[in-house]
Amino acid sequence: MSQEVRSVVIAGGGTAGWMVAAALARVLGPRLTITLVESSEIGIIGVGEATIPAIQQFNKLVKLDEVEFLRHTQGTFKLGIEFVDWHEKGHAYMHAFGPVGRDLAYIPFHHYWLRDQQSAGSLWDYSFNWLAAKQARFARMERIPDTPLTGLLWAYHFDASLYAAYLSRLAQGMGVRRVDGKIAAVLQDSAGDVRALKLEDGRELAAEFFVDCTGFRGVLIEQALKTGYEDWSHWLPCDRAMAVPSARNEPLLPYTRSTALEAGWQWRIPLQHRTGNGHVYCSAYTSDERARELLMANLDSEPLADPRPLRFTTGRRKLLWNRNVVCMGLASGFL
């Protein structure tokens, strides 16, 4: 595309759609007309509740206040991920964010630790994030006072549906137009580029550029443009999941827990108002009934709903940008 884009239509809301809308509105502002179309009748997946520290950069980009963001999304702080029973039953490993120790004279810290293992103790004694996580402690501390040592590095757990709703209000406040409707057809020009989306009520949403956030369906990137999909199942065979909320646990642990099961793993994500749980598994090695049984048997608190099943194929679109369409979120791929 040689000319400057002046209008964008985002197909689909949810976390992906409203993240795109908020970022475009904040960065390009009045130079761009931004429209997002979503249907209030179509639900969102909404189980992506655990993040990595890179989410801070996005939140800063769109100028979110951290306290307000956590309040609106029922969020909690995350210092790392604990992996339980992966190496062997009864074994646990914490992947803590942030550095371990301090590099000296351009030599990574772990080399010093390896040299002095007999007297140096555990490597994780030198991880501030690990020590705080294991004690269920947290503070906004980017540097340990009066030392050259890095402080805590954090991410968040949050309710993905609430995050999408929060970004929706933010984006609309910056001028993004929201249209409620279902996409009936994708209209293309003679060259094959998308020129407009036709809704079921007959309205047409024309633009110069489109972002596909329609989830696994890939209404623009796949159904219209026939982009193709790279199937990664031979590397990543898990193809199903079940998600269920349970009651809030005490204390609120500042880390995600991933527990290995027979043919997959179970996640546990602490939020302010509830706990997010799910079981990712491979249908070639276990049944849906067995997966549900394991999930419900390993909850740490009372379930608040029935498990919700999800099916997916791990992989990505062969092109993430095809013609005048970019795909984001589940429309682009999943693993």
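The numbers here are math on the coordinates, done by the rules we state, and not lab data. Here the structure is a predicted model, which is why all the values come from computation and not from measurement. Positions of Cβ are generated from backbone atoms using ideal geometry, with glycine treated the same way; all protein chains shown enter the neighbour counts.
The H on the amide N of Phe77, modeled in the peptide plane, is under 5 Å from the matching H of His157, each at least 5 residues off or on a different chain. Only lysines eight or more places from Lys63 in sequence, or on another chain, were considered; those with a Cα closer than 24 Å are Lys78.
For the stretch 1-39 versus the stretch 237-305, the inter-centroid distance based on Cα atoms is 34 Å. Here the chain carries DSSP beta bridges of which approximately 70% are antiparallel, counting only pairs with both residues inside. Remark on Leu304: its backbone amide H falls under 5 Å from those of Ser246, Ala247, a criterion applied only to residues 5 or more positions apart or on other chains, H modelled at 1.01 Å from N.
Of the trypsin sites (Lys or Arg not before Pro) found in the stretch 192-235, those that fall in a DSSP loop while having at most 12 other beta-carbon atoms within 10 Å are Lys226.
When Cys282, Cys213, Cys238, Cys327 are sorted by how many other C-beta atoms sit within 10 angstrom of their C-beta, beginning with the fewest, the order is Cys282, Cys238, Cys327, Cys213.
Hey, got a sec? Which trypsin sites (Lys or Arg not before Pro) in the stretch 236-335 land in a DSSP loop and have at most 14 other Cβ atoms within 10 Å? Sites meeting the loop and neighbour criteria: Lys318.
Taking 0.36 nm per residue of separation and subtracting the Cα-Cα distance, full extension of the segment from Asp189 to Leu131 would add 15.0 nm. Entry note, the stretch 210-335: relative contact order of 40 percent, from Cα contacts under 8 Å with a spacing of 6+ residues.
Once each of the chymotrypsin sites (Phe, Trp or Tyr not before Pro) sitting in a DSSP loop with at most 15 other beta-carbon atoms within 10 Å is removed, the chain keeps 107-231 as its longest stretch. Each helix, a run of at least 4 DSSP H residues, gives -39500 (n - 2.57); summed and divided by the residues of the chain, these come to -6000 deg cm²/dmol at 222 nm. Ordered from longest to shortest, the equivalent ellipsoid semi-axes for the stretch 103-143 are 23, 14, 5 Å, each the square root of 5 times a Cα gyration tensor eigenvalue.
Counting Lys and Arg as +1 and Asp and Glu as -1 over every other residue whose Cβ lies under 13 Å from the Cβ of Lys134, the net charge comes to 0. Extents of the chain, largest first, come to 72, 51, 36 Å (Cα atoms, principal axes, whole angstrom). Look at the dipole of the chain built from charges on Cβ: of Leu79, Val219, Pro148, the Cα furthest out on the positive end belongs to Pro148.
Once each of the GluC sites (Glu not before Pro) sitting in a DSSP loop with at most 10 other beta-carbon atoms within 10 Å is removed, the chain keeps 143-335 as its longest stretch.
Give the lysines reachable from Lys318 as a straight Cα distance under 22 Å; neighbours fewer than 8 places away on the same chain don't count. Cross-link targets: Lys226. Both radii come from the Cα set of the stretch 87-194: Rg as radius of gyration, Rh as Kirkwood radius; their ratio Rg/Rh reads 1.25. Put the Cα centre of the stretch 201-226 next to the Cα centre of the stretch 158-187 and the gap is 15 Å. What FRET efficiency, computed as 1/(1 + (r/R0)^6) with R0 = 30 Å and r the Cβ-Cβ distance, is obtained for Asp231 and Ser287, rounded to the nearest 0.05? So the FRET efficiency works out to roughly 0.85.
Short to long, the 5 Å bins of the Cα pair-distance histogram for the stretch 227-317 hold 3, 14, 24, 20, 16, 11, 8, 3, 1, 0 percent of all pairs.
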